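Participant: My structure is below; once you've seen it, I'll send some questions.
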Amino acid sequence: MHAADVVVAMSREDHPDLGAASDGDGDRNMIVAPGLFVTPSDSLAIIVANAHLLPAFRGGLAGVARSMPTSRAVDRVAERLGMPCFETPTGWKFFGNLLDAGEVSICGEESAGTGSDHVREKDGIWAVLAWLNILAERGEPADEIVRHHWATFGRNFYSRHDYEAVPTAAADAVWARLGELIQPARSSELADLAGELSIELADEFSYVDPVDGSVSDHQGFRFGFSDGSRIVFRLSGTGTEGATIRIYLERYVADATQHGIETQTALAPITAAAAAISDVASLTGRVAPSVVS
(Lines give C-alpha, C1' and ligand atoms only; values in the text may rest on other atoms or scores of the structure.)
Protein backbone atom coordinates (compact mmCIF):
# COMPACT_ATOMS: atom_id res chain seq x y z
CA MET A 1 0.00 0.00 0.00
CA HIS A 2 1.25 3.45 -0.88
CA ALA A 3 0.14 5.57 2.05
CA ALA A 4 -1.06 8.80 0.52
CA ASP A 5 -3.01 9.89 3.57
CA VAL A 6 -2.01 9.26 7.18
CA VAL A 7 -3.92 10.08 10.35
CA VAL A 8 -2.41 9.89 13.83
CA ALA A 9 -4.57 10.36 16.93
CA MET A 10 -2.58 11.60 19.92
CA SER A 11 -3.01 10.70 23.58
CA ARG A 12 -2.68 13.11 26.51
CA GLU A 13 0.92 11.95 26.92
CA ASP A 14 1.53 13.01 23.31
CA HIS A 15 2.10 9.39 22.25
CA PRO A 16 0.18 7.99 19.27
CA ASP A 17 -2.99 6.12 20.23
CA LEU A 18 -3.65 5.17 16.61
CA GLY A 19 -1.91 5.18 13.27
CA ALA A 20 -3.97 4.97 10.09
CA ALA A 21 -3.29 5.21 6.36
CA SER A 22 -5.17 4.96 3.10
CA ASP A 23 -3.92 4.38 -0.42
CA GLY A 24 -3.85 6.95 -3.20
CA ASP A 25 -7.53 6.75 -4.13
CA GLY A 26 -8.68 6.31 -0.55
CA ASP A 27 -10.42 2.97 -0.97
CA ARG A 28 -8.11 0.80 1.14
CA ASN A 29 -6.93 1.35 4.70
CA MET A 30 -4.29 0.29 7.21
CA ILE A 31 -4.64 0.49 10.99
CA VAL A 32 -1.71 0.45 13.41
CA ALA A 33 -2.05 0.41 17.20
CA PRO A 34 0.78 1.11 19.66
CA GLY A 35 3.06 -1.90 19.29
CA LEU A 36 0.57 -3.73 17.05
CA PHE A 37 -0.29 -4.03 13.39
CA VAL A 38 -4.04 -4.54 13.21
CA THR A 39 -4.82 -7.02 10.44
CA PRO A 40 -7.65 -6.00 8.11
CA SER A 41 -9.52 -9.07 9.37
CA ASP A 42 -9.27 -7.91 12.98
CA SER A 43 -10.05 -4.33 11.99
CA LEU A 44 -13.30 -5.46 10.36
CA ALA A 45 -14.27 -7.50 13.42
CA ILE A 46 -13.50 -4.66 15.84
CA ILE A 47 -15.48 -2.11 13.81
CA VAL A 48 -18.47 -4.47 13.76
CA ALA A 49 -18.18 -5.19 17.49
CA ASN A 50 -18.19 -1.44 18.18
CA ALA A 51 -20.63 -0.37 15.47
CA HIS A 52 -23.14 0.76 18.10
CA LEU A 53 -20.71 3.60 18.87
CA LEU A 54 -20.99 4.94 15.32
CA PRO A 55 -23.90 7.38 14.79
CA ALA A 56 -25.10 5.66 11.62
CA PHE A 57 -25.45 2.28 13.34
CA ARG A 58 -26.81 3.08 16.77
CA GLY A 59 -29.90 1.12 15.77
CA GLY A 60 -27.87 -1.97 14.88
CA LEU A 61 -26.60 -3.67 11.74
CA ALA A 62 -28.57 -5.61 9.14
CA GLY A 63 -25.69 -8.05 8.76
CA VAL A 64 -22.02 -8.28 7.85
CA ALA A 65 -19.99 -9.91 5.08
CA ARG A 66 -16.40 -10.94 4.52
CA SER A 67 -14.54 -12.47 1.61
CA MET A 68 -13.82 -16.17 2.00
CA PRO A 69 -10.04 -15.83 2.61
CA THR A 70 -10.59 -13.17 5.29
CA SER A 71 -10.26 -14.53 8.82
CA ARG A 72 -13.36 -15.64 10.69
CA ALA A 73 -12.85 -13.11 13.48
CA VAL A 74 -15.94 -11.18 12.36
CA ASP A 75 -17.98 -14.40 12.28
CA ARG A 76 -17.55 -14.69 16.05
CA VAL A 77 -18.76 -11.14 16.55
CA ALA A 78 -21.78 -11.68 14.31
CA GLU A 79 -22.68 -14.88 16.13
CA ARG A 80 -22.45 -13.14 19.52
CA LEU A 81 -24.61 -10.25 18.29
CA GLY A 82 -27.11 -12.53 16.55
CA MET A 83 -26.75 -11.14 13.03
CA PRO A 84 -26.17 -12.76 9.61
CA CYS A 85 -22.58 -13.13 8.40
CA PHE A 86 -22.05 -13.81 4.70
CA GLU A 87 -18.93 -15.48 3.28
CA THR A 88 -18.41 -14.39 -0.32
CA PRO A 89 -15.81 -14.98 -3.03
CA THR A 90 -13.06 -12.40 -3.41
CA GLY A 91 -14.32 -9.40 -5.38
CA TRP A 92 -16.25 -6.36 -4.20
CA LYS A 93 -19.12 -7.02 -6.62
CA PHE A 94 -20.37 -9.74 -4.29
CA PHE A 95 -20.56 -7.26 -1.43
CA GLY A 96 -22.27 -4.79 -3.75
CA ASN A 97 -25.22 -7.12 -4.30
CA LEU A 98 -25.64 -7.64 -0.56
CA LEU A 99 -25.36 -3.92 0.16
CA ASP A 100 -27.89 -3.02 -2.54
CA ALA A 101 -30.34 -5.56 -1.15
CA GLY A 102 -29.98 -4.26 2.42
CA GLU A 103 -28.65 -7.62 3.60
CA VAL A 104 -25.47 -6.20 5.15
CA SER A 105 -24.36 -2.92 6.71
CA ILE A 106 -20.58 -3.46 6.91
CA CYS A 107 -18.25 -5.67 4.84
CA GLY A 108 -14.54 -6.23 4.40
CA GLU A 109 -11.73 -8.27 2.90
CA GLU A 110 -8.26 -9.33 4.00
CA SER A 111 -6.64 -7.17 1.33
CA ALA A 112 -7.37 -3.99 3.33
CA GLY A 113 -10.76 -3.11 1.89
CA THR A 114 -13.54 -2.15 4.30
CA GLY A 115 -16.86 -0.46 3.61
CA SER A 116 -20.39 0.20 4.81
CA ASP A 117 -23.79 0.71 3.25
CA HIS A 118 -23.26 4.45 2.70
CA VAL A 119 -21.61 3.66 -0.65
CA ARG A 120 -21.39 0.62 -2.95
CA GLU A 121 -17.58 0.39 -2.74
CA LYS A 122 -14.74 -0.02 -0.28
CA ASP A 123 -13.95 3.22 1.58
CA GLY A 124 -10.66 3.53 3.42
CA ILE A 125 -11.44 7.03 4.68
CA TRP A 126 -14.68 5.76 6.24
CA ALA A 127 -12.78 2.93 7.97
CA VAL A 128 -10.26 5.36 9.47
CA LEU A 129 -13.06 7.68 10.64
CA ALA A 130 -14.86 4.69 12.16
CA TRP A 131 -11.74 3.87 14.19
CA LEU A 132 -11.36 7.48 15.31
CA ASN A 133 -15.00 7.51 16.39
CA ILE A 134 -14.51 4.28 18.37
CA LEU A 135 -11.42 5.67 20.11
CA ALA A 136 -13.24 8.87 21.00
CA GLU A 137 -16.28 7.03 22.38
CA ARG A 138 -14.30 4.46 24.35
CA GLY A 139 -11.55 6.79 25.54
CA GLU A 140 -8.93 4.08 25.05
CA PRO A 141 -5.89 3.77 22.76
CA ALA A 142 -6.16 1.34 19.88
CA ASP A 143 -3.97 -1.36 21.42
CA GLU A 144 -6.22 -1.60 24.47
CA ILE A 145 -9.27 -1.86 22.24
CA VAL A 146 -7.63 -4.66 20.23
CA ARG A 147 -6.56 -6.63 23.29
CA HIS A 148 -9.97 -6.23 24.90
CA HIS A 149 -11.53 -7.53 21.70
CA TRP A 150 -9.26 -10.58 21.71
CA ALA A 151 -10.02 -11.24 25.39
CA THR A 152 -13.74 -11.08 24.63
CA PHE A 153 -13.93 -13.01 21.37
CA GLY A 154 -10.61 -14.87 21.18
CA ARG A 155 -7.79 -14.13 18.75
CA ASN A 156 -7.65 -15.32 15.16
CA PHE A 157 -3.93 -15.35 14.38
CA TYR A 158 -3.70 -14.74 10.65
CA SER A 159 -1.14 -14.53 7.86
CA ARG A 160 -0.94 -14.83 4.08
CA HIS A 161 1.95 -16.62 2.37
CA ASP A 162 2.34 -15.87 -1.34
CA TYR A 163 4.37 -18.00 -3.73
CA GLU A 164 4.82 -15.67 -6.69
CA ALA A 165 5.81 -16.37 -10.31
CA VAL A 166 5.32 -20.12 -9.94
CA PRO A 167 5.51 -21.92 -13.31
CA THR A 168 1.98 -22.65 -14.46
CA ALA A 169 2.57 -26.40 -14.68
CA ALA A 170 3.83 -26.51 -11.09
CA ALA A 171 0.90 -24.44 -9.81
CA ASP A 172 -1.50 -26.74 -11.67
CA ALA A 173 0.14 -29.73 -10.00
CA VAL A 174 -0.48 -28.24 -6.55
CA TRP A 175 -4.09 -27.55 -7.52
CA ALA A 176 -4.62 -31.07 -8.81
CA ARG A 177 -3.26 -32.49 -5.55
CA LEU A 178 -5.59 -30.33 -3.44
CA GLY A 179 -8.55 -31.32 -5.61
CA GLU A 180 -7.77 -34.98 -5.07
CA LEU A 181 -7.27 -34.65 -1.31
CA ILE A 182 -10.73 -33.17 -0.71
CA GLN A 183 -12.35 -36.33 -2.11
CA PRO A 184 -13.94 -38.56 0.57
CA ALA A 185 -11.81 -41.51 -0.54
CA ARG A 186 -8.68 -39.60 0.49
CA SER A 187 -9.94 -38.54 3.96
CA SER A 188 -7.61 -40.84 5.90
CA GLU A 189 -4.58 -39.61 3.94
CA LEU A 190 -5.66 -36.01 4.51
CA ALA A 191 -6.03 -36.68 8.25
CA ASP A 192 -2.47 -38.03 8.37
CA LEU A 193 -1.13 -34.98 6.55
CA ALA A 194 -2.89 -32.66 9.02
CA GLY A 195 -0.94 -34.20 11.90
CA GLU A 196 -2.40 -33.33 15.30
CA LEU A 197 -5.06 -31.10 13.72
CA SER A 198 -8.50 -32.66 13.37
CA ILE A 199 -10.10 -31.99 9.97
CA GLU A 200 -13.72 -30.80 10.03
CA LEU A 201 -14.00 -29.33 6.52
CA ALA A 202 -12.24 -29.97 3.22
CA ASP A 203 -13.85 -28.51 0.12
CA GLU A 204 -13.56 -26.24 -2.90
CA PHE A 205 -15.53 -23.10 -2.13
CA SER A 206 -18.60 -22.39 -4.25
CA TYR A 207 -20.95 -19.44 -3.71
CA VAL A 208 -24.59 -19.02 -4.58
CA ASP A 209 -25.44 -15.32 -4.49
CA PRO A 210 -28.49 -14.93 -2.24
CA VAL A 211 -29.59 -11.84 -4.17
CA ASP A 212 -29.41 -12.79 -7.85
CA GLY A 213 -28.92 -16.57 -7.62
CA SER A 214 -25.68 -16.56 -9.65
CA VAL A 215 -23.19 -19.34 -8.91
CA SER A 216 -19.43 -18.82 -8.55
CA ASP A 217 -17.47 -22.09 -8.52
CA HIS A 218 -13.77 -22.90 -8.02
CA GLN A 219 -13.11 -20.06 -5.57
CA GLY A 220 -10.34 -21.79 -3.62
CA PHE A 221 -9.77 -24.78 -1.36
CA ARG A 222 -10.74 -24.63 2.31
CA PHE A 223 -9.44 -26.87 5.08
CA GLY A 224 -11.05 -26.28 8.46
CA PHE A 225 -10.08 -27.82 11.78
CA SER A 226 -11.98 -28.63 14.97
CA ASP A 227 -10.12 -26.01 17.02
CA GLY A 228 -11.37 -23.19 14.76
CA SER A 229 -8.17 -23.00 12.71
CA ARG A 230 -8.22 -22.93 8.91
CA ILE A 231 -6.10 -23.06 5.76
CA VAL A 232 -7.27 -21.53 2.47
CA PHE A 233 -5.53 -21.96 -0.89
CA ARG A 234 -6.22 -19.64 -3.82
CA LEU A 235 -4.58 -19.45 -7.23
CA SER A 236 -4.02 -16.16 -9.01
CA GLY A 237 -2.90 -15.78 -12.60
CA THR A 238 -2.78 -11.99 -12.56
CA GLY A 239 0.99 -11.67 -12.13
CA THR A 240 3.39 -10.75 -14.92
CA GLU A 241 4.97 -14.21 -14.87
CA GLY A 242 3.49 -17.61 -14.10
CA ALA A 243 0.95 -17.97 -11.29
CA THR A 244 0.73 -16.93 -7.66
CA ILE A 245 -0.28 -19.46 -5.02
CA ARG A 246 -1.78 -17.73 -2.01
CA ILE A 247 -2.00 -19.65 1.27
CA TYR A 248 -4.09 -18.08 4.03
CA LEU A 249 -3.30 -19.38 7.51
CA GLU A 250 -5.58 -18.90 10.49
CA ARG A 251 -5.43 -20.22 14.03
CA TYR A 252 -8.06 -19.48 16.65
CA VAL A 253 -6.87 -19.12 20.26
CA ALA A 254 -9.36 -18.41 23.04
CA ASP A 255 -6.82 -18.31 25.91
CA ALA A 256 -5.93 -14.65 26.51
CA THR A 257 -2.58 -15.62 28.06
CA GLN A 258 -1.52 -16.85 24.60
CA HIS A 259 -2.59 -13.79 22.62
CA GLY A 260 0.82 -12.14 22.79
CA ILE A 261 2.63 -14.92 20.91
CA GLU A 262 4.37 -13.78 17.72
CA THR A 263 2.06 -14.47 14.78
CA GLN A 264 4.25 -16.83 12.73
CA THR A 265 5.15 -18.76 15.89
CA ALA A 266 1.49 -19.14 16.79
CA LEU A 267 0.74 -20.30 13.24
CA ALA A 268 3.60 -22.82 13.07
CA PRO A 269 1.42 -25.96 13.32
CA ILE A 270 -1.00 -24.56 10.71
CA THR A 271 1.91 -23.64 8.42
CA ALA A 272 3.33 -27.16 8.75
CA ALA A 273 -0.05 -28.69 7.91
CA ALA A 274 -0.41 -26.42 4.86
CA ALA A 275 3.02 -27.47 3.61
CA ALA A 276 2.20 -31.16 4.03
CA ILE A 277 -1.27 -30.94 2.49
CA SER A 278 -0.17 -28.95 -0.57
CA ASP A 279 3.33 -30.44 -0.97
CA VAL A 280 4.15 -27.00 -2.31
CA ALA A 281 7.91 -27.32 -1.73
CA SER A 282 8.31 -30.51 -3.77
CA LEU A 283 5.88 -29.54 -6.51
CA THR A 284 7.17 -25.99 -7.03
CA GLY A 285 10.77 -26.21 -5.84
CA ARG A 286 10.13 -23.28 -3.46
CA VAL A 287 11.42 -23.75 0.07
CA ALA A 288 9.73 -20.58 1.34
CA PRO A 289 7.05 -18.12 0.24
CA SER A 290 7.99 -15.02 -1.72
CA VAL A 291 5.97 -12.75 0.55
CA VAL A 292 4.66 -13.19 4.09
CA SER A 293 2.04 -10.70 5.19
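The values are calculated or read from the model by the stated rules, or taken from the named source; none is laboratory data. Just so we're clear, the structure is a prediction, and the values are computed from it rather than from any experiment. Because the Cβ atoms are built from the backbone with ideal geometry, glycine has one as well, and the counts that use them run over all protein chains shown. Ligands, DNA and RNA are stripped out before the accessible areas are found, and what is left, the full protein with its side chains, is counted by its heavy atoms. Shrake-Rupley method; radii C 1.70, N 1.55, O 1.52, S 1.80 Å.
Participant: So how long is each side of the chain along the principal axes, counting just the alpha-carbon atoms, biggest first, in Å?
Facilitator: 56, 44, 38
Participant: Go through segment 57-67 residue by residue and turn each phi into a ³J(HN,Hα) via Karplus (6.51, -1.76, 1.60, θ = phi - 60°); whole Hz please, and just put x for glycine and proline.
Facilitator: Once θ is set to phi - 60°, the couplings for segment 57-67 become 10, 4, x, x, 10, 5, x, 9, 9, 9, 6 Hz.
Participant: Is segment 67-109 rounded, prolate or oblate when judged by the Cα gyration tensor, a ≥ b ≥ c being the square roots of its eigenvalues, rounded requiring a/c under 1.5 and prolate requiring a/b larger than b/c?
Facilitator: Here segment 67-109 falls in the oblate category.
Participant: Something else now. What net charge do the residues around H118 carry, taking every other residue with its C-beta under 15 Å from that of H118, with Lys and Arg at +1 and Asp and Glu at -1?
Facilitator: In short, -2.
Participant: What are the membrane-span-like helices in the chain by this rule: whole DSSP H runs, Cα extent along the axis at least 18 Å, mean Kyte-Doolittle hydropathy at least -0.5?
Facilitator: Long hydrophobic helices here: 124-138, 168-181.
Participant: Probe radius 1.4 Å, ligands and nucleic acids ignored: give me the carbon and sulfur share of the accessible area of the chain as a rounded percent. Working shown, then result.
Facilitator: Details: 6620 of 12930 Å².
On the chain, the fraction of accessible area on carbon and sulfur atoms equals 51 percent.
Participant: Once every DSSP H run of n ≥ 4 in the chain is given -39500 (n - 2.57) and the sum is divided by its residues, what mean residue ellipticity at 222 nm do you get, rounded to the nearest 500 deg cm²/dmol?
Facilitator: Value at 222 nm, helices only: -9500 deg cm²/dmol.
Participant: I've got another one for you. Considering only the other residues whose Cβ falls under 13 Å of the Cβ of L181, what net charge follows from Lys and Arg at +1 and Asp and Glu at -1?
Facilitator: Net charge around L181: -3.
Participant: So, for the chain, what is the accessible surface per residue at a probe of 1.4 Å, expressed in square angstrom?
Facilitator: 44 Å²
Participant: For the chain, modelled as a GNM with alpha-carbon contacts under 10 angstrom, which of S198, S105, S71 fluctuates the most?
Facilitator: S198
Participant: Taking segment 98-168 on its own, what percent of its Cα-Cα pair distances exceed 17 Å? Kindly include the intermediate steps, with their values, before the conclusion.
Facilitator: On the way: 1568 of 2485 pairs.
Summing the P(r) tail past 17 Å for segment 98-168 gives 63 percent.
Participant: Kindly identify segment 177-293 as rounded, prolate or oblate by the Cα gyration tensor criterion: order the square roots of the eigenvalues as a ≥ b ≥ c, call it rounded if a/c is under 1.5, otherwise compare a/b with b/c, prolate if a/b is larger, else oblate.
Facilitator: Taking the square roots of the gyration eigenvalues as a ≥ b ≥ c, segment 177-293 is rounded.
Participant: How large is ³J(HN,Hα), in whole Hz, for each residue of segment 109-119 in order, when computed from phi with the Karplus curve 6.51 cos²θ - 1.76 cosθ + 1.60 and θ = phi - 60°, using x for Gly and Pro?
Facilitator: For segment 109-119, the Karplus-derived couplings read 9, 5, 8, 6, x, 9, x, 9, 7, 6, 7 Hz, x marking Gly and Pro.
Participant: Nearest-5 percent of antiparallel DSSP beta bridges in the chain? Each step should come with its number before you reach the end.
Facilitator: Working: 48 of 55 bridges.
So the antiparallel bridges in the chain amount to around 85 percent.
Participant: Hey, another quick one. Sequence-distant or interchain residues sharing an amide H contact under 5 Å with S111, placed H: which?
Facilitator: For S111, no residues qualify.
Participant: Name the residue, out of V64, V211, V174, whose mean-square fluctuation peaks in a Gaussian network model built on the chain with Cα pairs under 10 Å.
Facilitator: Largest GNM mean-square fluctuation: V211.
Participant: Under 10 Å, Cα contacts only: if you run a Gaussian network model on the chain, which one of L99, L36, L235 comes out with the highest mean-square fluctuation?
Facilitator: Of L99, L36, L235, the most mobile in the Gaussian network model is L36.
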